[in-house]
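First the structure, in the form of structure tokens, and then the observations on it.
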Amino acid sequence: MFNKILIANRGEIACRVIRTARKMGIATVAVYSEVDVDALHVEMADEALAIGPAPAAESYLVADRILDAIKRSGAEAVHPGYGFLSENAEFAEALAAAGVAFIGPPASAIRAMGDKITSKKLAQEAGVSTVPGHLEVIADADEAVRIATDIGYPVMLKASAGGGGKGMRIAYSDDEAREGFVSAANEARSSFADDRVFVEKFVEEPRHIEIQVLADGHGKCIYLGERECSIQRRHQKVIEEAPSPFLDAETRRQMGEQAVALAQAVDYCSAGTVEFIVDGARNFYFLEMNTRLQVEHPVTEMVVGLDLVEQMIRVAAGEELTVTQDDVRLDGWAMECRLYAEDPYRGFLPSTGRLVRCQPPTEGDRVRVDTGVVEGSEITLFYDPMIAKLVTWGRDRGEAIAAMREALDGYYLRGISHNLDFLGALMRHPRFVDGRLTTAFIDEEYPDGFAGAPRDGEVLDALLSAGVLIQRRVAERDASIGGQLPHYRPAHGDDWVVSIDRQDRAVTATPAEDGFDVELDGRLIAVRSYWRPGQRLFNGTVDGRHITIQADPAPDGYRLSHGGVRATVVVRTPRAAELAALMPDKPPPDTSKYLLCPMPGLVVSLEVAAGDEVKAGQALAVVEAMKMENILRAERDAVVMAVRAAPGDSLAVDEVILEFE
């Protein structure tokens, strides 16, 4: 077994590998860029070495810098994590030449499966079902349109070297095919230094289901069940689960056997994933093979009971698998949510900044948090915006969802925008709960963007009653302090007016043991909690149902969030409410004459010039943020009066790009 390994990665996956290595008694070496000098993975490792500037292209993606760190540290093996150099065949070969073990598959397998065109041809030869398409490189946008027309819309334009949702576009028309080809090629060139693009048929009502395989260097290869990864946004996975609520035992067996056949066809060795698209009739088609550890591997670990990182290390050290296919059993259900630094209320725009507060839920048998950040960490524009992976387990799917709902409500983050509300809404969406999933789920259910979960009566009652208890506890504290003053008398009784997003409701709050009985519209709501002023989380019960609510001070009240619903709750005395109703509203500033940069990013191109007439929906500019291109479009017909930015400019949020007449 190895004595020391180097992790050629950063963030949560580097921390994940370090935890397993430590459990196995193996020393670890971290590498870091200038911006990651204080990162968690650097702190966790036994030693750490700097490898260059912040941009990944100048540090984590430079194989020579990693090789130099290996030489300096004396590491015997390298775990690449995912992303960066994890699927770089040249890097794997360079390690072999240096006598260093690569904790991953052979370079030949990486090369064969890393190219989507080549991999599909190999899959066909191995008897694996594949999607109809044109498996040759597209020369230009005109050829993309011609081939797409021949195949029949809708089609998927995909970067041959792509991954992680980058370099992928769906087209339903000639214009979308032309535009999609350009964007896919640009993203692929930026992310993978390879702008080759091909076209294949887009399967209607598709599910994204993948098979985890594990192989050693002694001819053994097994599959460890499947993961359902259909909840995606812009081809980036958001929620994953194991097993799939859609597959039956026979389809699972067929997919698993085909995945193993493909792995064996390329002499695969290590953990890997074969991804499939599955239609409504359970017909499945090979999509690609990821020759590395997947981001979503924890859900497989939780239902199979294996540590995949440990298995990868043992296989790389030459050991045989001790698990056979007959040993594989799926125990219970696991759910994973990806927590991203993005603002779902503003079109999921990336967010950067410092994690001023970071309080994950308590881990245990049913809750797991894989993260690479702590309170005080910085989320930069240089790397992937994922903050953490939150994973829960249950005896069945319902229990796993219930555990996830509670864990999401208890994950407290401040300082940046994040998608916790969106994830909470998904976990309560009736279609998700029923398991009626496709890769178009988010587009279909949120066509106009995300504005919060439905404000049903149960949620509003919970927020209202919690707000009353919070205000009463604050008032009790103030009364305790004021009671030390001569002639002080509390200026309130049991009658209150509660405003939720400016809608007033009269309530009576009667003290009860550990809480209050709130009378609302002739109903009594029993709210019980030990919450005290200053606490970030409200933990208690509402009518006997346990609930966790995030509570932050707001002007005159509190901002409360639960289950994807975010609301400002203000609790006033009747007289204070009467006076508040007389206060004038301040109108928001008019920004309709400007195109503002919606996120911190780099201006890739400007599609218009001063004096141009533009139509609603027309592309105006392309801004890259966190390696993803975002096309900014006109919201109305207008004339460009001035251009305030240029290609290559780095802009902050709401910085002006264009000004209209």
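The values are calculated or read from the model by the stated rules, or taken from the named source; none is laboratory data. This one's a predicted model, so the numbers in the text were calculated from it and none came from an experiment. So basically every Cβ, Gly included, is an ideal-geometry build from the backbone, and we count neighbours across all protein chains shown.
Tabulated results
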read-out: Candidates Ala141, Ala77 - the one that is buried (at least 19 other Cβ atoms within 10 Å of the Cβ), of a type in the set (A, V, I, L, M) and in contact (Cβ under 8 Å) with a residue 12 or more places away in the chain; value: Ala77
read-out: Selection from the stretch 375-403 of residues that are at pLDDT below 95 and under 19 Å from His297 (Cα atoms); value: Asp384, Pro385, Met386
read-out: Odd one out for Pro598 among (1) part of a loop (DSSP other than H, G, I, E, B); (2) over 27 Å from Ile379 (Cα atoms); value: (2)
read-out: Cβ-Cβ under 6 Å pairs, at least 6 apart or on other chains, the stretch 239-255 side more than 16 Å from Gly127 (Cα to Cα), far side in a loop (DSSP other than H, G, I, E, B) and at pLDDT 95 or above; value: Glu240/Glu296; Pro243/Leu330; Pro245/Gly435
read-out: Count of residues meeting criterion [farther than 20 Å from Arg502 by Cα, part of a strand (DSSP E or B) and of a type in the set (S, T, N, Q)] in the stretch 516-555; value: 4
read-out: Extreme residue, modelled with the highest pLDDT, among residues of the stretch 91-123 that are among the polar types (S, T, N, Q) and within 25 Å of Phe181 (Cα to Cα); value: Ser119
read-out: Close pairs from the stretch 144-160: first assigned by TED's automatic domain parsing to the domain that holds Ile277, partner assigned to a strand (DSSP E or B) and surrounded by fewer than 21 Cβ atoms within 10 Å (Cβ to Cβ), Cβ under 7 Å, at least 6 apart; value: none
read-out: Residue in the stretch 635-643 that is outside any strand (DSSP E or B) and of a type outside the set (D, E, K, R) present; value: no
read-out: Extreme residue, modelled with the highest pLDDT, among residues of the stretch 162-194 that are buried (at least 20 other Cβ atoms within 10 Å of the Cβ) and not in a helix (DSSP H, G or I); value: Ala171
read-out: Condition check for Val569: in a strand (DSSP E or B), buried (at least 20 other Cβ atoms within 10 Å of the Cβ) and either at positive phi or not assigned by TED's automatic domain parsing to the domain that holds Ala425 (or both); value: yes
read-out: Selection within the stretch 633-658 - of a type in the set (D, E, K, R) and closer than 14 Å to Val623 by Cβ; value: Arg633, Arg644, Asp649, Asp654, Glu655
read-out: Subset tally (residues that are within 18 Å of Gly564 (Cα to Cα), not β-branched (Val, Ile, Thr) and not in a helix (DSSP H, G or I)) for the stretch 416-450; value: 10
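Here is a yes/no grid of residues against (1) in the same structural domain as Ser499 (by TED's automatic domain parsing); (2) surrounded by 15 or more Cβ atoms within 10 Å (Cβ to Cβ); (3) free of Cβ contacts under 8 Å to residues at least 12 places away in the same chain; (4) not hydrophobic (A, V, I, L, M, F, W, C):
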residue: Asp365; (1), (2), (3), (4): no, no, no, yes
residue: Thr371; (1), (2), (3), (4): no, yes, no, yes
residue: Ala400; (1), (2), (3), (4): no, yes, no, no
residue: Met404; (1), (2), (3), (4): no, yes, no, no
residue: Gly410; (1), (2), (3), (4): no, yes, no, yes
residue: Gly424; (1), (2), (3), (4): no, yes, no, yes
residue: His429; (1), (2), (3), (4): no, yes, no, yes
